Amino acid sequence: MESPQKTKTGLNLPAGMNQTSLRLETFSSSFRGISTLSSPSKSTCSDRFIPCRSSSRLHAFDLQDKEPTTPVKEGGNEAYSRLLKSELFGSDFVSNSLSPAGGGGGGHGSASSPMSPCTSNMLRFKTDRSNSSPCSPFSPSILGNDNGLSSDSSPPPKPPRKVPKTPHKVLDAPSLQDDFYLNVVDWSSQNVLAVGLGTCVYLWSASNSKVTKLCDLGPNDSVCSLQWTREGSYISVGTSHGQVQVWDGTQCKRVRTMGGHQTRTGVLAWNSRILSSGSRDRNILQHDIRVQSDYVSKLVGHKSEVCGLKWSHDDRELASGGNDNQLLVWNNHSQQPIHKLTEHTAAVKAITWSPHQSSLLASGGGTADRCIRFWNTTNGHQLNSIDTGSQVCNLAWSKNVNEIVSTHGYSQNQIMLWKYPSMAKVATLTGHSMRVLYLATSPDGQTIVTGAGDETLRFWNVFPSVKMQTPVRDTGLWSLGRTQIR
């Protein structure tokens, strides 16, 4: 008989056994012993993590202790091994390794297996989404549904600015015409509102609510358009006979009368020194009150009545809209339009230039079009288009914030506030019972006034101030009430 083998550690080993096999056997026995031990009642300091089974809710993972039917063998801790592989290499790795090679897998259902699909995410932190919508903005992030990382850490989207839903002032405006092609409401930089009612023009001071009758054109004429100069001292009046009159708004005195149009003058637009007028005769006349002649140039391009007219803020370009569905852009150096924009499918009355970006123009179409379109007048390209669902009567771009207000006719008669460039709706205001044909903005840029064929003027606080940039409140400069403008 051979003598036992002597090791460096002084252990006597039987024949056929070396030190490596001894260490493996010792580790496996120790490991096997851990699986059969119950957790201690108190936590102890250790260099390894031993889970407390009494608080682990193992029933949720179908890992409850069951009465062993056979003695525990070397692979008795197979569930733990599978769990460890799942955490290290992913559930797909484990499921692939568990799939049988052949078709005779017996009748065991996957629900009872520790690594079945319903429990493949065991021991992973997972947010309960049973009561939340799958489309919730706070659903788990794109890093994965089960990785425990959700978008809760990112700030929620900023809520839209609150806009009062009711007007803070209402004025009765008898004889305010229900005519899409007229422009008889304008607000001066000196805080005076001008309104054309039938044959007369009335001035309403927003500071003291005083009403002054500027002029009466007589029984055979009527007011078709109004426009203040940028300084707010003079106002131009377009008549149904095709005349253009200039009045001193402070002294209520007529300064000049200019002819040239064959029929009604429905729209006027001032730049720093030139007054442009558009008429049913399809022409646009350029008036310079410093010279003696009635007009200094004529712009011919529309095939029907001119109903929209606006100068850009730098006085370089003039945009005109007509009943021929065309939007034309002119400059100071040519009597031919530099752009003919024909995408609208109805009359173009609503026109506004961006005060925040040069060469950015917005236009709105009538009942058959219903769209607000945005243009780059440098190259004539359309930038965007949005269907508003109803006739676009007016557009105004806020100078305080990058937002646009639009007024509408058929069929909803609403006022809509949009955020540019996303064109997200900020607010929808209702109150008029007929088409909202007239729109003007206060000199501070916070209030708009709207007019309609229901013979009312309504004042709305829709924009924040330039400095504050905070939501406006329901209480305005004037107390809520209804008075007459004449």
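Working note: Karplus 6.51/-1.76/1.60 with θ = phi - 60° gives the range 352-368 the couplings 8, 9, 6, x, 9, 8, 5, 6, 10, 10, 10, 9, x, x, x, 4, 7 Hz, where Gly and Pro are set to x. Gain on full extension, evaluated as 0.36 nm per residue between Asp179 and His356 minus their Cα-Cα distance, stands at 60.6 nm. On the basis of the beta-carbon distance and an R0 of 45 Å, Lys165 and Gln292 show a calculated FRET efficiency of 0.30. Each of Asp454 and Ala424 was given a label point 7 Å from its Cα along the Cα-to-Cβ line. The distance between the two points is 3.0 nm. For the pair Gln190 and Gln262 in one chain, pulling the backbone fully straight at 0.36 nm per residue adds 22.6 nm over the alpha carbon distance. The H on the amide N of Gly260, modeled in the peptide plane, is under 5 Å from the matching H of no residue at least 5 residues off or on a different chain. Relative to the compact-globule estimate of 2.2 N^0.38 Å, the Cα radius of gyration of the range 191-274 comes out at 1.03. Take each peptide in 316-325, 164-173, count the other Cβ atoms within 10 Å of every residue, and average; sorted highest first, the result is 316-325, 164-173. For the range 279-292, 3J(HN,Hα) computed residue by residue from phi via the Karplus equation (6.51, -1.76, 1.60; θ = phi - 60°) reads 9, 5, 6, 6, 9, 10, 10, 9, 10, 10, 5, 7, 10, 7 Hz, glycine and proline entered as x. Taking amide hydrogens as placed 1.01 Å from N in the peptide plane, the amide H of Cys215 sits under 5 Å from those of Val201, each at least 5 positions away in sequence or on another chain. Between amide H atoms placed 1.01 Å from N, distances below 5 Å from Val426 occur with Leu417, Trp418, Lys419, all of them 5 or more places distant or on a separate chain.
Gain on full extension, evaluated as 0.36 nm per residue between Asp172 and Asn332 minus their Cα-Cα distance, stands at 53.6 nm. Across the range 254-262, computed HN-Hα scalar couplings (Karplus, 6.51 cos²θ - 1.76 cosθ + 1.60, θ = phi - 60°) run 6, 9, 7, 10, 10, x, x, 8, 8 Hz from first to last residue, x flagging Gly and Pro.
Do the alpha carbons of any pairs in Lys210/Lys349; Lys162/Lys210; Lys213/Lys349; Lys165/Lys419; Lys349/Lys425 sit beyond 25 Å of each other, and which pairs? Beyond 25 Å between Cα atoms: Lys210/Lys349; Lys162/Lys210; Lys213/Lys349. For the pair Arg316 and His381, a Förster radius of 25 Å applied to the C-beta separation gives a FRET efficiency near 0.90, rounded to the nearest 0.05.
Bear in mind that the values in this text are calculations on the coordinates, not laboratory data. Please read these numbers as outputs of a predicted model, since none were measured by experiment. Cβ sites come from the backbone with ideal geometry, for glycine too, and all protein chains shown count toward neighbours.
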